[in-house]
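Step one of this worksheet: look at the structure below.
The values are calculated or read from the model by the stated rules, or taken from the named source; none is laboratory data. Being a predicted model, the structure only gives us computed values, none of them experimental. Cβ placement follows ideal geometry from the backbone for every residue including glycine, while neighbour counts extend to all protein chains displayed. The area values use the complete protein model at the heavy-atom level, side chains included, leaving out ligands, DNA and RNA. Shrake-Rupley method; radii C 1.70, N 1.55, O 1.52, S 1.80 Å.
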Amino acid sequence: MAPLLNEDNHNRVREVFKEMQSPVDVVLFSSKANCEYCESTQQLLEEVTGLSEKIQLEVHDLDADRDLAASYGIDKAPGFAIVAKPADTPVDFGIRFYGIPSGHEFTTLVNDLVMVSAQSSGLNPETVSSLQEIKTPVHLQVFITPT
Amino acid sequence: MAMENPLITADMVEVYEFPELADRFGVSGVPQTTINEGLGTVVGAYPEDYLLDEIRRAIQEAETSQGA
């Protein structure tokens with residue numbers, strides 16, 4: 001398949017990746033059945049994660065690796081988690097992507113990789129302290145389109 | 001926000017690939033943020049304190065209905 005990212009994309013992403021700190025794992029669950037965008041999502045992630053030696057991509061099969069997928073709460077493909085790996089123990093902030101992150105979402109993906117790596121949300125301190133006071137589970141689903 | 005509290009999880013869901021999920025929450029414009037399976041919704045881009053208020057409102061509503 002032809003590359004999805006061009007030289008200009010590479011340069012822009014590399015520029016943002018200069019802010020990477022701890023290593024990051026991208027854990028992708030793909031499926032062979034009924035998954036129009038699994039292959040291109042995997043290809044896009046291979047291209048992006050290849051632009052930083054701090055990012056490692058793991059590819060699993062949603063059906064074959066059902067238990068692992070469940071441990072990440074991933075039930076759809078393509079679905080992936082972005083996990084920080086400051087030491088041997090991964091730090092999972094609960095960030096998931098479902099579907100190919102192209103268009104605007106490509107920027108979100110690149111920024112999220114850096115945020116997770118830096119383990120810093122960039123939110124203002126009042127918001128952070130209010131968020132930390134929350135005592136019940138909160139599941140946010142942000143619905144987006146590639147354009 | 002998910003980074004600041006382990007109880008908070010955030011999914012980015014591509015509407016065209018997962019239309020059933022988008023339909024379930026009546027997604028008509030993007031971005032649309034759904035809180036706890038529809039207890040709260042924010043359409044469009046928003047300042048961070050706006051989403052925070054909506055999260056608190058959704059939590060409070062759930063607690064009130066549990067108490068009733």
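Selection of region A:129-141 for residues being of a type in the set (Gly, Ala, Ser) and within 7 Å of another protein chain (Cβ to nearest Cβ) yields only A:SER130. Taken over region B:26-66, the criterion of being open to solvent by less than 30 Å² (accessible area, probe 1.4 Å) and not in a helix (DSSP H, G or I) is satisfied by B:GLY29, B:GLN32, B:THR33, B:THR34, B:ILE35, B:GLY40, B:VAL42, B:GLY44.
Taken over region A:83-96, the criterion of being in a strand (DSSP E or B), open to solvent by 30 Å² or more (accessible area, probe 1.4 Å) and of a type outside the set (A, V, I, L, M, F, W, C) is satisfied by A:ASP92 alone. Taken together, the residues in region A:97-111 that are within 10 Å of the chain's Cα centre (by Cα) and either more than 17 Å from B:ALA10 (Cα to Cα) or open to solvent by less than 20 Å² (accessible area, probe 1.4 Å) (or both) amount to 5.
The number of residues in region A:24-46 that are more than 13 Å from the chain's Cα centre (by Cα) and either surrounded by fewer than 14 Cβ atoms within 10 Å (Cβ to Cβ) or farther than 23 Å from A:ASP67 by Cβ (or both) comes to 8. Every listed requirement among (1) surrounded by fewer than 21 Cβ atoms within 10 Å (Cβ to Cβ); (2) over 11 Å from the mean Cα position of the chain (by Cα); (3) among the β-branched types (Val, Ile, Thr) is met by A:THR49 save one, (2). Being touching a Pro at 6+ places or on another chain (Cβ under 8 Å), closer than 17 Å to A:ARG96 by Cα and hydrophobic (A, V, I, L, M, F, W, C) is a property that B:MET3 lacks. Pairs are defined by a Cβ separation below 8 Å, a sequence spacing of at least 6 or placement on different chains, a first member in region A:65-91 that is within 10 Å of A:VAL24 (Cβ to Cβ) and among the hydrophobic types (A, V, I, L, M, F, W, C), and a second member that is outside any strand (DSSP E or B) and open to solvent by less than 40 Å² (accessible area, probe 1.4 Å); the pairs so defined are A:ILE82/A:ASP112; A:ILE82/A:LEU113; A:ILE82/A:VAL116; A:VAL83/A:VAL116; A:ALA84/A:SER22; A:ALA84/A:VAL116; A:ALA84/A:SER117.
Could you look through region A:5-23, keep only residues that are in contact with a Ser or Thr (Cβ under 7 Å, 6 or more places away or on another chain), not in a helix (DSSP H, G or I) and not hydroxyl-bearing (Ser, Thr, Tyr), and pick out the one that is most open to solvent (accessible area, probe 1.4 Å)? Among residues in region A:5-23 that are in contact with a Ser or Thr (Cβ under 7 Å, 6 or more places away or on another chain), not in a helix (DSSP H, G or I) and not hydroxyl-bearing (Ser, Thr, Tyr), the one most open to solvent (accessible area, probe 1.4 Å) is A:GLN21. The set of residues in region A:79-128 being more than 7 Å from every other protein chain (Cβ to nearest Cβ) and basic (Lys, Arg) consists of A:LYS85 alone.
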